[in-house]
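The values are calculated or read from the model by the stated rules, or taken from the named source; none is laboratory data. What you see is a predicted model; the values in this text were computed from it and never measured. Don't worry about glycine lacking a Cβ; one is built from the backbone with ideal geometry, like all the others, and counts go over all protein chains shown. Heads up: the accessible areas ignore ligands, DNA and RNA and are worked out on the full protein's heavy atoms, side chains in. Shrake-Rupley method; radii C 1.70, N 1.55, O 1.52, S 1.80 Å.
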Amino acid sequence: MSAPPPDPAPATSPADPAPPRFGYGTNGFANHRLDDALAVIADLGYEGVALTLDHDHLDPFAPGLVRRVAALRRRLDSLGLAVVVETGARYLLDPWHKHAPTLLHDDPTRRVEFLRRAVRVGADLGAEAVSFWAGVRPDPVPPRAAWDRLVAGCATVADAADRAGVRLGFEPEPGMLVEDIAGWWRLRAALDDPPCFGITLDIGHCRCLEPQPVPHCVHEVAAHLVNVQIDDMRRGVHEHLEFGEGEIDFPPVLRALGDAGYRGLIAVELPRHSHAAPTVAARSLEFLRAAAARARTLPPRTGTRAHAAVPAQADVPAPAHAAAPLSSAPSDAPSSGTAPVRM
């Protein structure tokens, strides 16, 4: 078992937060070899990478995994890149059905094994977190059964993560069974609040469907925040946009992350921009650095709101947001579930 990664250094003080650490997701470099993608990301000046395990980027089911992970860790170290492990590969587990099977399907065995392997990879890479999500509820599966399956699957993954000394970042994902922060709180309560079970917060998702402003979302989950994905987005539309193309005011968001003491990676999440990856990654970092400079001129937020009360019995989560109905391109609408999902 590998030793757990060290805790990220805390911010120096609420009035003088430490500078943010920006990373970039390899799902935005899908047309690059992994080694080439890492080199470009490092050469641009990013401090880390959000590594999506996939068939062409460290396939966890291909032979020689231990050897390949060891080589990757050496490569990351040589480039000075920190890492988080992401598990949102579209067709890794089923060549016919995107993201299938999830923890909600009749037979989640392959998903559970994938997440166990992701935890082991995360431990061996010294990853800051391993991130995953619930999945879209299949039409034939009743909501109560889907919720019970999710809780059971997450408990299994949390047990593996606890034994490996790995932090989990569970991501609320629009259109999935757990799509918002309120749903994440319910899930954590249903799991009896395991210490390793943190949250992955996608900044765009907060604008898409959370009822509160994005900086408020950051402070609501600050105590459990282990991974941040960042992208622009519009209200009610789950589409990852380049910075400046959506509706998010980023300096207050970065200030909120600093005031909250978050020192993990803030990784750009643009999975549909691989066709221009180096150019998009370069201008994304330029934008974020400028936003971070403006954030330092903002006054600190005083106080952190405690999370909303969690029901005594963790019922099947219902969306608590008041956003307009989600929309996305028809070609990306899933065949089942409660809302379109773009990933």
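Quick notes on this one:
- Checklist (1) in contact with a Lys or Arg (Cβ under 9 Å, 6 or more places away or on another chain); (2) within 25 Å of W185 (Cα to Cα); (3) part of a loop (DSSP other than H, G, I, E, B) applied to V119, failing item: (3)
- Subset of the stretch 101-122 that is open to solvent by less than 10 Å² (accessible area, probe 1.4 Å) and hydrophobic (A, V, I, L, M, F, W, C) - its residue that is farthest from H205 (Cα to Cα): V121
- With respect to (1) within 24 Å of E210 (Cα to Cα); (2) within 14 Å of the chain's Cα centre (by Cα), the lone exception for A127 is condition (1).
- For the stretch 173-192, filtering for residues that are in contact (Cβ under 8 Å) with a residue 12 or more places away in the chain, open to solvent by 10 Å² or more (accessible area, probe 1.4 Å) and not hydrophobic (A, V, I, L, M, F, W, C) leaves 3.
- Against the test of being small (G, A, S), open to solvent by 10 Å² or more (accessible area, probe 1.4 Å) and in contact (Cβ under 8 Å) with a residue 24 or more places away in the chain, the options G45, G135 yield a single qualifying residue, G45.
- In summary, strands (runs of 3 or more DSSP E) completely within the stretch 193-287 and bearing 3 or more residues that are within 20 Å of Y24 (Cα to Cα), modelled with pLDDT of 95 or more and open to solvent by 10 Å² or more (accessible area, probe 1.4 Å) occur at 237-241.
- Matching residues in the stretch 48-74 - criterion: being more than 28 Å from E286 (Cβ to Cβ), in contact (Cβ under 8 Å) with a residue 40 or more places away in the chain and not in a loop (DSSP other than H, G, I, E, B): L65, V66, V69, A70, R73
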